[in-house]
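Here, each number is a calculation from the coordinates, and none is a lab measurement. Please read these numbers as outputs of a predicted model, since none were measured by experiment. Here the Cβ positions follow ideal geometry from the backbone for every residue, glycine too, while neighbour counts run over all protein chains shown.
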Amino acid sequence: MRHPTEEIVAELGYSFSTQEIKLPVSAETDEELIENLRSSYYAVIPKVSVNSETAKRELMIAPVLHGVLRTTDARLNIEYPVDVDERLSGLIDYFFRSKQELIVIEAKKGDLEKGFNQLAAEMIAVDKYEENEDSPHILHGAISIGEVWRFAILERESKHLVKDIHTFRFPEDLKDIFSILKGILNK
């Protein structure tokens, strides 16, 4: 996963670009829930060492996803297995599924770019694994290192992966992260 994303996705038969993505956002945000998540984070984080991927998943990523679950009609699979072929198999950290949408979320310890390569492979694996008429035309993805989130979309018909040029900080941009995840799942 050290090669450029463009080379990795090309090897799998897809194209790649980085650009601004117009992500769906929910107009309904639960301000109280977001403030509770933020204040809980500020109360706990000074007391915990977050120097591992597991710590970041449990303290920074999972609480956000739990909040999204409480406010949407979606299901969340944790460590979701995908086995397409010898190149595309493994566990997806978090896999959201609503009636119309899918979101792949990859959690990494520290390197957003290397993590994005893994997310790209996972999104392509889901694209191949979930091939049916009822599947959404766009697959959404997110990579997070805890403190930073970046989103992506996979345009399934054209086999084109787009990395959003923007990043979102946690907890400063928690409301934006939350409303994007909720907006995708409630489309």
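Using all pairs of distinct alpha-carbon atoms, the Kirkwood hydrodynamic radius of region 54-122 works out to 12.9 angstrom. Mind telling me which of Ile61, Ile45, Ile138 comes out most flexible in a GNM of the chain, alpha-carbon contacts under 10 Å? Answer for the Gaussian network model of the chain: Ile45.
Suppose the chain between Leu91 and Ile78 were pulled fully straight at 0.36 nm per residue; how much longer would it get relative to their current alpha carbon spacing?
The span from Leu91 to Ile78 would gain 3.8 nm if fully extended.
Please count, across region 5-185, the pairs of lysine residues with Cα atoms under 12 Å apart that sit 8 or more places apart or on different chains. Final tally of qualifying lysine pairs is 4.
Taking every pair of distinct Cα atoms and averaging 1/r, then inverting, what Kirkwood hydrodynamic radius in Å comes out for region 145-187? Don't jump to the answer; show the numbers that get you there.
Numbers: mean 1/r = 0.0872 Å⁻¹.
Evaluated over region 145-187, this radius sits at 11.5 Å.
The Cα center of region 59-82 and the Cα center of region 137-161 differ in position by 16 Å. Below 13 angstrom from the Cβ of Leu23, what's the summed charge of the other residues (Lys, Arg +1; Asp, Glu -1)? Charge balance in the 13 Å sphere: 0. Other residues lying with their Cβ under 13 Å from the Cβ of Asp111 contribute a combined charge of +2, Lys and Arg counting +1, Asp and Glu -1. For the options Val68, Val50, Val126, a Gaussian network treatment of the chain with springs between C-alpha atoms closer than 10 Å singles out Val50 as fluctuating the most.
Angle between the Cα long axis of helix 62-71 and the longest principal axis of the chain, 0 to 90 degrees, nearest 10? That helix lies at roughly 90 degrees to the long axis. All C-alpha pair distances within the chain, sorted into 10 Å bins from zero, spread as 9, 39, 37, 13, 2 percent across the bins.
Largest GNM mean-square fluctuation across Ile34, Ile124, Ile105, computed for the chain with C-alpha springs under 10 Å, falls on Ile34. Can you find, among Phe116, Thr29, Val9, the residue farthest towards the positive end of the dipole of the chain? Put +1 on the C-beta of Lys and Arg, -1 on that of Asp and Glu. Farthest towards the positive end: Thr29. Region 29-45 and region 171-187 have their alpha-carbon centroids 14 Å apart.
Neighbours of Thr72 by Cβ distance under 14 Å: Lys/Arg scored +1, Asp/Glu scored -1, total +2.
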